[in-house]
Structures are given as C-alpha cells and as structure tokens.
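Below you'll find the structure, written out as structure tokens, and then a few comments.
The values are calculated or read from the model by the stated rules, or taken from the named source; none is laboratory data. Worth saying up front: this structure is predicted, and the values here are computed from it rather than measured. Backbone-built Cβ (ideal geometry, glycine too); neighbour counts: all protein chains shown.
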Amino acid sequence: MNISLLTPLAILDIEATGLSITSDRIVEIAIIKVLPTGEQEEFTKRVNPQIPIPAEVTAIHGISDEDIKYEPTFKEILPELEAFLGDADFAGYNSNKFDLPLLAEELLRAESTIDLSARKHVDVQNIFHKMEQRTLIAAYKFYCDKNLENAHTAMADAKATWEVLDAQIGHYDEVKSDVDFLADFSRYGDTTRLDFAGRLAYNKNGEAVYNFGKHKGKTIKAVADSEPGYYGWMIDADFPLYTKQCLKKEMAKIKKEREAAKELDKEKEAQRMQSKLDALKNKFN
C-alpha cells in the first residue's frame, strides 16, 4: 500500500436519480474503508430515493424504480452508515463535484451529526486530470493495466477508484502519500472554495466571500452590513443545503464578532465614564 494513513479513508461511490445536487437522491452507495493498517472494510446499500428514477438514468447504472421500491430510505440506513464511517476522511472519483455534495445534502436532510467540512476530501479524478487527462475507465487501464468490468455499478467503481488512487501514489514521485497532501492536490482550479458548489470562498486575506452573482468577491460580512436581506434570500433560494450550512456558520461567526465588539465598546465606554468620574473626584478633593 503506497498511501500513508493516520485515520481511515472512505473510498466513496454513489449512484443517484440524476445529476442535480439539490433535487436528486441517492439510490446506491458503496464505500471501501481503508484502515491505517491496510485492512479494508466494505459497506454497500441500495436506497429508496422516494422519487422516480428517470429511464435514461436507469439505462446508465441499471437501477430501476422496481429494484429499490422495498429498499430502506437514506434516513433509515443513516445509523449504520455513521457507525461505519466513524472519523474517516473521504476519497472518490469526481467526488468533490458530485458524490460528496450529494452525500452532504442527504446527510443534512436526515439530520446527521457528520460534519463533512471537518474531513479531508481526496478527488482521484482531479489527480488524474492534472497528470494524465482521462476518464475512470482509462485511468483504471492506465494505472492498473486492467479493464473496468461492470462500470457504473457503485461497488465496482469504488473498488476501481481505490486501486487507481493507490497506483497513482506509487506512479508519481511528486504525489505524496499522506491524505493532507492528496486532499489539497486533488482540488481542481480554485483551491479556496468554502463549500462544494463554490458559491462561497476565501479571498487572499482569508476572509469568507461570495463567489458568484452581483456580490462576487465581496466579503460576507460587508454584504451583511450593506444588504442584510441577501443572506435571507440565499437561505430561502434553491442552493445546496451544504452551501446554506456553510453560510450559516459564517454568519454565526460574524454575529459573535459583532457581539464581542459591542461588549468591548461597552467596556471602553465604562472605562471612559469611570475616568471622567475619577477626574471630577480629584478636582473637588
């Protein structure tokens, strides 16, 4: 095993009802958890998405409404999924753009305690694209010299992704084996995004900013002062739940900073008044 792990690494692949992060749902999830010792554990579940699977999507992954009508919902499998994941970091193929954002939405809907922002995210596709510019099937052939059988079934794709990731580390001297490096290296394009969708980001000063629309580049704090209703609009609009969660966290920080500033102002005012009183006492004594 080429990779160096301090915590388990969950190799994730998801099949869904479509490609929309906000409106589509998971129909199959497969995870290979690689332990620091090199041992592997597997988790795979089909899920009733509670919405129809379009025929054109079934044609890709082979899962129909009939196949999953008696399967548990995501909320029903959540306790088992949480127990399996533990404190694992994540890896996947195109996972930063699809699998993890979709998983984040499902976790938030099911009121999970898992905080994906506290985990590392390694995107094998981004490493591959930076180094070779190919697809998962080509990546599997290139790095592992194998043909990918049963492509677009979640466990087959997850297994192939794990083999490709481990082979990438052994293939390139500049690709280091620790997950911190891999998570940073496998980010694509802008490495400062705050949420998966890239609607929020950090500027060069480390300040949280809006990364789209009329306020692009402006800090969340500045917009909260100049247009307080913009935050409410985003919370009510059709943005991913994870984006909204990140925005709420930033607004909570801003509120806390404001309250701290008010308390400081009160203390300064009290000190100023005390100084005046002391001066008056000295004057008449």
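Checked against (1) loosely packed, with under 10 Cβ neighbours inside 10 Å; (2) more than 30 Å from ASP123 (Cβ to Cβ); (3) among the polar types (S, T, N, Q), GLN274 passes all but a single condition, namely (1). For PHE43, the conditions (1) within 30 Å of ARG199 (Cα to Cα); (2) buried (at least 17 other Cβ atoms within 10 Å of the Cβ); (3) touching a residue at least 40 places away in the same chain (Cβ under 8 Å) are fulfilled apart from (1).
Screening the candidates THR37, THR17 for the property of being β-branched (Val, Ile, Thr), surrounded by 14 or more Cβ atoms within 10 Å (Cβ to Cβ) and over 17 Å from the mean Cα position of the chain (by Cα) yields one hit, THR17. Only one of the numbered conditions (1) modelled with pLDDT of 90 or more; (2) buried (at least 17 other Cβ atoms within 10 Å of the Cβ); (3) out of contact with any Asp or Glu (no Cβ under 8 Å at 6 or more places or on another chain); (4) within 27 Å of SER23 (Cβ to Cβ) is violated by ARG193, and that is (1).
Can you tell me which residue in region 134-159 is farthest from GLU56 (Cα to Cα), limited to those that are free of Cβ contacts under 8 Å to residues at least 60 places away in the same chain and either among the small types (Gly, Ala, Ser) or outside the structural domain of GLU42 (by TED's automatic domain parsing) (or both)? Per the stated criteria, the residue is ALA139. The selection criterion, being exposed (fewer than 15 other Cβ atoms within 10 Å of the Cβ) and among the charged types (D, E, K, R), holds for ASP87.
Scanning region 91-100 turns up at least one residue that is buried (at least 21 other Cβ atoms within 10 Å of the Cβ) and of a type in the set (Asp, Glu).
Considering the conditions (1) without any contact (Cβ under 8 Å) to a residue 60 or more places away in the chain; (2) hydroxyl-bearing (Ser, Thr, Tyr); (3) closer than 30 Å to LEU5 by Cβ, SER177 is excluded by exactly one of them, (1).
All conditions in (1) surrounded by fewer than 16 Cβ atoms within 10 Å (Cβ to Cβ); (2) over 20 Å from LEU108 (Cβ atoms); (3) modelled with pLDDT of 95 or more hold for LYS248, with the sole exception of (2).
Matching residues to (1) among the charged types (D, E, K, R); (2) over 25 Å from ASP238 (Cβ atoms); (3) crowded, with 20+ Cβ neighbours inside 10 Å:
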site: SER4; (1), (2), (3): no, yes, no
site: GLN50; (1), (2), (3): no, no, no
site: ALA59; (1), (2), (3): no, yes, no
site: ILE63; (1), (2), (3): no, yes, yes
site: LEU78; (1), (2), (3): no, no, no
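None of ALA201, ALA224, ALA208 is at pLDDT 90 or above and farther than 24 Å from LEU100 by Cα except ALA224.
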